[in-house]
Amino acid sequence: MSPRRNRPRGGAFSRAAAPSPYETGAVRYGLEQTESWQGEEWSVRMIGGGAAAKHYRCPGCDQEIPPGVPHLVVWPQYGAGVEDRRHWHKSCWNARDRRSARLQRSRNAPRY
């Protein structure tokens, strides 16, 4: 008796028939996409945990993003320099319209 095959033999589940991540709309790390927010176009790039090497402060929740945590880098698409880039948690960027403008910092929180 021959061993059982665990892989399907072609058909609808074959590797050639699988759609690429670009066709399904999946977001890939390091690739840039454009989103509109507050009447402005923003460039959004996902940063994987291995590429995140520094501490950043998320403008959405005012919490620190430690090294090794995947997050988003967001900047205005037109007329923006390196100093305009902001590092956001993905959930904070998705909830940016539901967040208030007033951030409550503790007394000893750094202002960066």
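Every number in this text was worked out from the coordinates using simple rules, so none of it is lab data. Note that the coordinates shown come from a computational prediction; the quantities given were computed from them, not determined experimentally. As a convention, Cβ positions derive from the backbone with ideal geometry for all residues, glycine included, and neighbour counts pool all protein chains shown.
Quick notes on this structure:
- Per-residue Karplus couplings for the range 48-60, computed as 6.51 cos²θ - 1.76 cosθ + 1.60 with θ equal to phi - 60°, are listed in order as x, x, x, 8, 7, 10, 10, 8, 10, 10, 6, x, x Hz, Gly and Pro entered as x.
- Long-range HN-HN contacts of Gln77 with modeled amide H, under 5 Å: Glu41, Trp42, Ser43
- FRET efficiency for Arg96 and Ala53, using Cβ-Cβ distance with R0 set to 25 Å, rounded to 0.05: 0.50
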